[in-house]
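The values are calculated or read from the model by the stated rules, or taken from the named source; none is laboratory data. Remember, it's a predicted structure, so these values are computed and weren't measured experimentally. FYI the Cβ positions are ideal-geometry reconstructions off the backbone, even for glycines, and counts take in every protein chain you see.
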Amino acid sequence: MIINQKVSDILEVKFPGVVILPDEPHNDFIQIHPEKWKEIAKFIKTDSELKFDSCQCITGVDLGIEDGLEVRYNFHSMQLKHKIEIRIAVERKNPSIPSIEQVWRGANWLEREVYDMYGIRFKGHRDLRRMLLPDDWKGWPLRKDYKTPNIYNGMKIPKVRKGWD
Amino acid sequence: MGFLENRFEDNIITAKLDQILSWARSTSAWYFQFGLACCAIEMMATAASRHDLERIGMMPRSSPRQADVMIVAGTVTLKMASRVKLLYDQMADPKYVISMGSCANSGGPYSRQGYHVLKGVDQIIPVDVYVPGCPPRPESLIEGLLKLQDKIRKERPLTKKK
Amino acid sequence: MKNYFQNIWQSITTLLIGLGITIKHMFKARKGNVTLQYPEEKWPRPERNIGFDPKNYNIIRSKLHVDIDDCIGCRKCERACPVGCIKIDALKVPKETDLGLTSSGTTKRLLISRFDIDMTECMFCNLCTYPCPEDCIFMTGGPNSEKQPLDYEYSQYDRSRLIFKFANVTKNDIRRITTAPPVQQEIL
Amino acid sequence: MGLVHAEEMTLNIGPQHPSTHGVLRLKVKTDGEIISEITPVIGYLHRCFEKHCENLSYEQVIPFTDRCDYIAAMNNSFGYVLAVEKLMDIQVPERVEYIRVIMAEYNRIASHLLALGTFGLDVGAYTPFLYMFRDRERILDLFEITCGARLLYNYMWVGGVSHDLPLGFMEASYRFLDEFEKNINEYHNILSYNKIFIERSADVGIMPKDVAIDYGVTGPNLRGSGVKWDLRKDEPYSIYNRFKFDVPVGTGIMGSVGDCWDRYWVRAEEMQESIKIIRQALDKIPREGNVHEALPKKVRPPKGSIYFRTESPRGDLGYYIISDGTPTPLRVKMRSPAFTALSALSEIATGWMLSDVLVILGSLDIVLGEIDR
Amino acid sequence: MTIDNIIQWFQSWFPVNVMVLFITSVLIAAVVIFAIMAVNALVAVYAERKISAFMQDRVGPMGQGPGLHAGKWGLLQTIADTIKLILKEDIIPKAADKKLFIIAPFIIFLGAFIALAAMPFGPYLIASDMNIGIFYILAVSSFGVIGIILAAWSSDNKWSLYGGMRSAAQIISYEIPAALSLVSVLLLTSTLSMQGIIQSQAGTVWGFLPNWNIFNNPFSFLAFFIYFIAGVAETNRTPFDIPEAESELVAGFHTEYSGMRWAFFFLSEYGNMLVVCGLTVVAFLGGWQSPIAGVMEGAWWGLFWFLTKLTATIFIMIWFRWTFPRLRVDQLMNVAWKILLPIALFNLFGVAIWTLLVG
């Protein structure tokens, strides 16, 4: 896990002022600002020392607190066999992050799923549509303040429990 | 067969004819491969060598037109529900439905927080036999199919319904 | 040109090997077949290596069963169930009424007026049987087949028959037990 | 596409189709028989797994992880359970580690048997599918005497396993492994070396190495393209570093590297490796040791998050668990290997004929429960 | 029992004008042939399900279950299937081309039905012993393709359209190697009439071998395999069953058919199998000749030998179906044009040289 520390130092040098230094030093992840995320992504993929060529997993998170909407990326390098985790916080009003879909082709579907579940718009994504839910579905299901709708084109969703509860 | 159905009075000839017709329908009920989720794997295991479904005359058909029994095996989600209804309507007339597994019976494990799961397939199509289990053992599926075949055998297609 | 004939030769030999295998299976049909003919042969057939003896099964996932007179109404199984398909109504009973003992000797203090398990929702994960202090909820067959024989053949024509009600207390029993007897004032 | 440019016909290999391995819809633009564009549409089996995880306690989530990848349920709950144990840093006894490896490898064999069987079905050979299911039933018997269930087990708990191995397990396992090894070369004779099968699957759907890595494809699909990446060897978890087994990699025996035949061949070889692991584990398993020893009274991991990956039969199965100290997890994200494999389908299957697209789909061995979660 | 025998037999009784007599005797022969096709379909479907079951270590139709019996070993299974199929509601899709949709199954059935008119079941058991028998059967059995294309086009379903186009290409391109391999047989027998071909295969060759065309010379031995493979392709059976590919095109060209109409497809598939296997038996395996020269000759024994050889070839076709995977469309064409056709031509040349030298 010391790789996280090394990578955040390299990023600090390359893109000054992007990495948010955590208050107590630990190296589980790297917290960065969303603005220059696309260039950072290209950099960590092509840089000879890092070579993160496989985007393992993109996770959307809603911590429930006010500014708790976050996207966490896990990258992994097949040649150098090391992995890092990058977290990007997003504000709740109109959440948007630059898309890294052109950098890793695998990120295309992963980003669409995070959009589908959390409503985080990925700027620059070529076809940002709902991934799993039907296209006419309202609301972002995995947000903490999500209420299950009662009817979806004619079918009752909550379990009708006559004489049960 | 519309013009022959429930047209004749109940007498010895129609009773015997009914017996033959419903025997034929129950002996060769061909099932429509409609695997959705985990129960589909158990349905495949039932159709495989150990629990042979051909023994009771059930041959898998992949087109809804040629199938009699639709085994809804797995979770019917809301996005899939309209397809289930569409396929049910395309089946030729004496058609039966077996709801296999808890998900098809009543939404099963996903009935509490499943916002995208249909709570029971009987909300959209009429179900003849409910097979409990998650997934039901191949033996309980065959027992459900035999219960369906008993139900078909008791039908009286020709005599006029009271 | 050479691989044209080699191609044909290769396909002929491999196809013949394949035919050999299927015809071998056909002639070994009586000894080699593995079918468990369900209605005629029930499930464990150890001699044809289909299934094992139920005695040394750890557990069999079949229908849930509750010995209601052992149940003390602690609702641990209801909380453990991830699906919430167990519904228990346990009523407070006035102090000195005697509800009898469970088989393992603990006195019962709550009257179970309703113990329903909805088998159409149950996911057969067996999480409810572990926390039960009296082991009164269990899956039939396997190790506890002497308490309740194995039962996995209970498909129904209509769904409400799959909700099993285990409480055996009638309405007026409940009224009789829960209404506290009029306290006799000691006539001084 | 060809010389004669026919009018494009859009075809729906719809949610219900004999060889889409579940409810997957492929919107396909065809020019005669040749496919010019494929867009997979998924979500027909989205069962809100992640929403359930936020409202259930840690041990109640385990049966739901089984239902995600219902063909390799043991491997799924194995990954989840290891992740939570790492969060709570519980050390499980030796015997539990061995039982878990045996069960995971048996489930890998069963899952590969189903994958090879349905791949044979897509190519049109019906009998090998039934031979492979006959052997899969024998494995399901072994699962049944230990945890009672055939397909979805809820056997692996946080800190241990639900039941110890029953009496007849060891002899039955040895008997099964000996017979199974003889059957494997029967499958090779009837399907793998069959000239029509080779004609249909060699040089079809070639996935080059860099495309596979770029799409995040992992597991047998990646190893079929020649990349030697197996979590059991490269990031050994549990006790996999004690077993000697090697990682089969596609070398283009029948066609070029990374074609459907290679992916099929890598899965067939992996079954042999799993047999080796099980034999070593069965020999070295400690006889005594209480299986419920390390079960925590209340599963309540400390605040924090973890991303833990294990090798499921379809690839890297990752669990991202965030816990906030309460008995219910704040967020559980399952990184599904079949999801990324399916995302690569539109790139590798364009330009092939209609029957090839279904063969390529079959060779990727996807499970819709895991893709749609 | 050729038709003119029936006519003479009737004339001796009550001399009515010949036209009415001709029609009645043709009707009698037609009913007999239809009965043969129906019985063959029933037996072949049951045999296919049982043989495939034994090959796959399972048990096949057993008619089990409480009180429900399709016979001791599922013998009444196919009868139950047919009665059920008669009862099914036959759906004609709204978008379908109604008239063609209705006609199509009968045209396919017709292709197999009239081909059986020239099939010699025994020395005297033939509907009409034409002197151009084998040529007539070849011409008529390619009639079925029209039915398949009609069915595919009229049911207005993308899957069946695929099935129809594939089967058109397949059957036409496999007619040519089939015809060529039969021509190499005609060189040996130098007669087109079916009975003539069989009679020319009497006696023994090289001592113990029966003088069937398959043992006559190495080239006609090869022609037997070419014809059989082309025959399997003509009846759309594995490894050439891409028109009704179960796993790709849902159910191929008969996706939209249900009930009795679909049963006619089933009937004509087994009818085509009967025609192709009958032709193989007549042309290569010596029709109703007995394998050992002197033993079991005579009229009724001929029927017995013809049926046993027929069952053997049908068994081989069923055996093929449950062992091989399926070819792709272009590989199928490749096999027809680049492998079977050159070998068939070389074969024809070989047989000609052989008959010239050996005489």
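Would you be able to tell me the number of residues in the range D:92-114 that are touching a helix residue (DSSP H, G or I) at 6+ places or on another chain (Cβ under 8 Å) and more than 12 Å from every other protein chain (Cβ to nearest Cβ)?
Number of matching residues: 13.
Out of (1) within 12 Å of chain D (Cβ to nearest Cβ); (2) over 20 Å from D:N183 (Cβ atoms); (3) buried (at least 20 other Cβ atoms within 10 Å of the Cβ), the odd one out for C:W43 is which?
Exception for C:W43: condition (3).
Please work out which residue is modelled with the lowest pLDDT, limiting yourself to the range E:181-201 and to residues that are touching a Gly at 6+ places or on another chain (Cβ under 8 Å) and not in a helix (DSSP H, G or I).
E:Q201
Scan the range E:337-352 and give yes if some residue there is surrounded by fewer than 24 Cβ atoms within 10 Å (Cβ to Cβ) and within 14 Å of chain D (Cβ to nearest Cβ), otherwise no.
yes
Out of everything in the range B:77-102 that is charged (D, E, K, R) and in contact (Cβ under 8 Å) with a residue 40 or more places away in the chain, what residue ends up being surrounded by the most Cβ atoms within 10 Å (Cβ to Cβ)? Working first, answer last.
If we filter the range B:77-102 for residues that are charged (D, E, K, R), which is where we start, we get B:79, B:83, B:85, B:89, B:93, B:95.
In the following step, the residues that additionally are in contact (Cβ under 8 Å) with a residue 40 or more places away in the chain were identified as B:85, B:93.
On the way: B:K85: 13, B:D93: 15.
Filtering the range B:77-102 for residues that are charged (D, E, K, R) and in contact (Cβ under 8 Å) with a residue 40 or more places away in the chain, the one surrounded by the most Cβ atoms within 10 Å (Cβ to Cβ) comes out as B:D93.
For (1) in a helix (DSSP H, G or I); (2) at negative phi; (3) within 9 Å of another protein chain (Cβ to nearest Cβ), each residue gets a yes or a no:
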residue	(1), (2), (3)
E:S52	yes, yes, yes
E:M62	no, yes, yes
E:I114	yes, yes, no
E:I134	yes, yes, no
E:I137	yes, yes, no
E:V145	yes, yes, no
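Which residues, taken from the range B:19-72, are among the charged types (D, E, K, R), in contact with a Pro (Cβ under 8 Å, 6 or more places away or on another chain) and within 7 Å of another protein chain (Cβ to nearest Cβ)? Spell out the reasoning first.
First, pick out the residues of the range B:19-72 that are among the charged types (D, E, K, R): B:25, B:42, B:50, B:52, B:54-55, B:61, B:65, B:68.
From what is left, the residues that are in contact with a Pro (Cβ under 8 Å, 6 or more places away or on another chain) are B:25, B:42, B:50, B:54-55, B:68.
Selection gives B:R25, B:E42, B:R50, B:E54, B:R55.
Let's see how each residue does on (1) more than 14 Å from E:G286 (Cα to Cα); (2) buried (at least 19 other Cβ atoms within 10 Å of the Cβ):
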| site | (1), (2) |
| --- | --- |
| E:S167 | yes, yes |
| E:A179 | yes, no |
| E:S184 | yes, yes |
| E:S190 | yes, no |
| E:S193 | no, yes |
| E:I198 | no, yes |
| E:T204 | no, no |
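Counting only residues that are among the small types (G, A, S) and either touching a His at 6+ places or on another chain (Cβ under 9 Å) or under 23 Å from E:I86 (Cβ atoms) (or both), which one in the range B:42-71 is surrounded by the fewest Cβ atoms within 10 Å (Cβ to Cβ)?
B:S62
List every residue pair whose Cβ atoms lie under 7 Å apart, where the two residues are 6 or more positions apart in sequence or sit on different chains, the first residue falls within the range E:100-121 and is in contact (Cβ under 8 Å) with a residue 60 or more places away in the chain, and the second residue, located anywhere, is among the basic types (K, R).
Taking only residues 6 or more apart or on different chains, the pairs are E:P105/E:R261.
Considering only the range A:52-68, how many residues are aliphatic (A, V, I, L, M) and at pLDDT 90 or above? Explain how you work it out, then say what you get.
Quick first cut of the range A:52-68, residues aliphatic (A, V, I, L, M) only: A:58, A:61, A:63, A:65.
Now drop any that are not at pLDDT 90 or above, which leaves A:58, A:61.
Residues meeting the conditions: 2.
So if I check each of D:L317, D:L330, D:L282, which one is in contact (Cβ under 8 Å) with a residue 60 or more places away in the chain, aliphatic (A, V, I, L, M) and surrounded by fewer than 20 Cβ atoms within 10 Å (Cβ to Cβ)?
Numbers: D:L317 fails: surrounded by fewer than 20 Cβ atoms within 10 Å (Cβ to Cβ); D:L330 fails: surrounded by fewer than 20 Cβ atoms within 10 Å (Cβ to Cβ).
The unique qualifying residue is D:L282.
Determine if the range A:57-78 includes at least one residue that is more than 8 Å from every other protein chain (Cβ to nearest Cβ), among the basic types (K, R) and crowded, with 19+ Cβ neighbours inside 10 Å.
no
Evaluate the range E:303-319: report whether one residue or more is within 14 Å of chain D (Cβ to nearest Cβ), in a helix (DSSP H, G or I) and out of contact with any helix residue (DSSP H, G or I) (no Cβ under 6 Å at 6 or more places or on another chain).
yes
Can you tell me how many residues within the range B:128-162 are within 21 Å of B:L87 (Cβ to Cβ), in contact (Cβ under 8 Å) with a residue 40 or more places away in the chain and hydrophobic (A, V, I, L, M, F, W, C)?
Total satisfying the criteria: 4.
Would you check if D:T340 is at the interface with another protein chain (Cβ under 10 Å from one of its Cβ atoms), in contact (Cβ under 8 Å) with a residue 12 or more places away in the chain, of a type outside the set (D, E, K, R) and crowded, with 17+ Cβ neighbours inside 10 Å?
Against the criterion (at the interface with another protein chain (Cβ under 10 Å from one of its Cβ atoms), in contact (Cβ under 8 Å) with a residue 12 or more places away in the chain, of a type outside the set (D, E, K, R) and crowded, with 17+ Cβ neighbours inside 10 Å), D:T340 qualifies.
Taking C:Y157 and the conditions (1) within 14 Å of another protein chain (Cβ to nearest Cβ); (2) out of contact with any strand residue (DSSP E or B) (no Cβ under 9 Å at 6 or more places or on another chain), which numbered condition does it fall short on, given that it satisfies the others?
(2)
Criterion first (more than 14 Å from every other protein chain (Cβ to nearest Cβ), surrounded by fewer than 24 Cβ atoms within 10 Å (Cβ to Cβ) and either free of Cβ contacts under 8 Å to residues at least 40 places away in the same chain or not in a loop (DSSP other than H, G, I, E, B) (or both)) does E:E246 satisfy it? Talk me through it step by step, then tell me what you get.
Details: more than 14 Å from every other protein chain (Cβ to nearest Cβ): no; surrounded by fewer than 24 Cβ atoms within 10 Å (Cβ to Cβ): yes; either free of Cβ contacts under 8 Å to residues at least 40 places away in the same chain or not in a loop (DSSP other than H, G, I, E, B) (or both): yes.
For E:E246, the condition - more than 14 Å from every other protein chain (Cβ to nearest Cβ), surrounded by fewer than 24 Cβ atoms within 10 Å (Cβ to Cβ) and either free of Cβ contacts under 8 Å to residues at least 40 places away in the same chain or not in a loop (DSSP other than H, G, I, E, B) (or both) - is not met.
So, in the range D:131-176, exactly how many residues are assigned to a helix (DSSP H, G or I) and either free of Cβ contacts under 8 Å to residues at least 12 places away in the same chain or in contact with a strand residue (DSSP E or B) (Cβ under 7 Å, 6 or more places away or on another chain) (or both)?
Residues that pass the stated criteria total 5.
Quick check on E:T280: is it in contact with a helix residue (DSSP H, G or I) (Cβ under 6 Å, 6 or more places away or on another chain), of a type outside the set (D, E) and not in a helix (DSSP H, G or I)?
No.
Output the qualifying pairs, or none if there are none: Cβ atoms under 7 angstrom, residues six or more apart or on different chains, first residue in the range C:84-98 and assigned by TED's automatic domain parsing to the domain that holds C:C125, second residue among the aromatic types (F, W, Y) and surrounded by fewer than 17 Cβ atoms within 10 Å (Cβ to Cβ).
C:K87/A:W164
Quick check on E:K84: is it part of a helix (DSSP H, G or I) and either closer than 24 Å to B:P94 by Cα or more than 20 Å from the chain's Cα centre (by Cα) (or both)?
It is true that E:K84 is part of a helix (DSSP H, G or I) and either closer than 24 Å to B:P94 by Cα or more than 20 Å from the chain's Cα centre (by Cα) (or both).
From the list E:F14, E:F10, E:F22, which residue is over 23 Å from D:T127 (Cα atoms), at pLDDT below 90 and crowded, with 16+ Cβ neighbours inside 10 Å?
Exactly one of E:F14, E:F10, E:F22 is over 23 Å from D:T127 (Cα atoms), at pLDDT below 90 and crowded, with 16+ Cβ neighbours inside 10 Å, namely E:F10.
Restricting to the range C:58-73, name every residue that is more than 16 Å from the chain's Cα centre (by Cα) and within 16 Å of C:I117 (Cβ to Cβ).
Within the range C:58-73, C:D70, C:C71, C:G73 meet the criteria.
Consider the range D:141-172. How many of its residues are more than 8 Å from chain C (Cβ to nearest Cβ) and surrounded by fewer than 19 Cβ atoms within 10 Å (Cβ to Cβ)?
2
If A:P98 satisfies all but one of (1) of a type outside the set (F, W, Y); (2) crowded, with 22+ Cβ neighbours inside 10 Å; (3) in contact with a helix residue (DSSP H, G or I) (Cβ under 7 Å, 6 or more places away or on another chain); (4) at pLDDT 90 or above, what's the number of the condition it fails?
Looking at each condition in turn, A:P98 falls short on (2).
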